[in-house]
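Report on the following structure.
The values are calculated or read from the model by the stated rules, or taken from the named source; none is laboratory data. Note that the coordinates shown come from a computational prediction; the quantities given were computed from them, not determined experimentally. Reconstructed Cβ throughout: ideal geometry from the backbone, glycine too, with neighbour counts over all protein chains shown. Calculation scope for accessible area: heavy atoms of the full protein, side chains included, ligands and nucleic acids excluded. Shrake-Rupley method; radii C 1.70, N 1.55, O 1.52, S 1.80 Å.
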Amino acid sequence: MALKEKIEKNRQEKHDEKYMKMALKEAKKAYDLNEVPIGCVIVRDDKVIGKGYNKRNTDKNVLSHAELIAMKQACKKTGDWRLEDCTMYVTLEPCQMCAGAMVQARLKKAVIGSMNAKAGCAGSVLNILQMDAFNHQVEVERGVLEDECSALLSGFFADLREQKKQF
């Protein structure tokens, strides 16, 4: 790899880490509500245009996933349902519902922190984001700040198990 390519790769990694840290801040808001800590930000032209965190239990609504909340904000901000020139940063691999919405929105890229072996649809169980049969595929980058994203989730579930022991 040439020096110029290494410099560009390093710049992109720092860029991705910056926005994943913002997604982690969103995930911590979910944690504080005793929700599974998943956070998401959507970026266009180096500006955050949508953000969200998991609020399914709080809202009593299956649609209150971090990704869907962030996409709703981004669509409102852009005035369009298409997010073709946007990148989503999400702390946990999207489920089938969110992955499908990402394809429908024609999202350019998804940057994922931690993978989800039990329900992930960006490469773990399925890869809805990159199915050739669909009219759009989302570029995917995996493992950005993976340790931090995984630690937040692991800590949450450890706390949850501890709470259940006390009852």
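A few points about this structure:
- The convex hull around the C-alpha trace of the range 76-130, projected and averaged over every direction, spans 3.5 square nanometres.
- Taking trypsin sites (Lys or Arg not before Pro) across the range 47-151, the ones in a DSSP loop with at most 11 further Cβ atoms lying within 10 angstrom of their Cβ are K60, K118.
- Placing unit charges on the Cβ atoms only, positive for Lys and Arg and negative for Asp and Glu, gives the chain a dipole magnitude near 420 debye about its Cα centre.
- Taking each of K29/K55; K18/K108; K28/K51; K28/K108; K76/K108; K21/K77 in turn, the alpha-carbon distance tops 20 angstrom for K28/K108; K21/K77.
- Long-range tail of P(r) for the range 21-62 (Cα pairs > 17 Å, %): 32
- Taking 0.36 nm per residue of separation and subtracting the current Cα-Cα distance, fully stretching the chain between W81 and N10 would add 22.4 nm.
- Normalised alpha carbon radius of gyration of the chain [divisor 2.2 N^0.38 Å]: 1.04
- Lys/Arg +1, Asp/Glu -1 at C-beta; the chain dipole; positive extreme among N10, G143, Q163: Q163
- Candidate cross-link partners of K164 among the aspartates and glutamates, defined by an alpha-carbon separation under 20 Å and a same-chain spacing of 8 or more, comprise D32, E35.
- Accessible surface area normalised per residue over the range 1-166 is 57 Å², counting heavy atoms of protein chains with a 1.4 Å rolling probe.
- Remark: accessible surface ordering of M102, M1 (largest first) is M1, M102, probe radius 1.4 Å.
- Its convex hull of Cα atoms gives the range 18-90 a direction-averaged projected area, equal to a quarter of the hull surface, of 4.4 nm².
- Of all beta bridges that DSSP places with both ends in the range 18-167, some 55 percent have antiparallel geometry.
- Theoretical gain in end-to-end length, A2 to N61 [0.36 nm per residue, Cα-Cα removed]: 16.3 nm
- Point-charge dipole on Cβ atoms (K/R +1, D/E -1) for the range 22-61, about Cα centre, debye to 20: 60
- Carbon-plus-sulfur accessible fraction, the range 1-166 (probe radius 1.4 Å, protein heavy atoms only): 50%.
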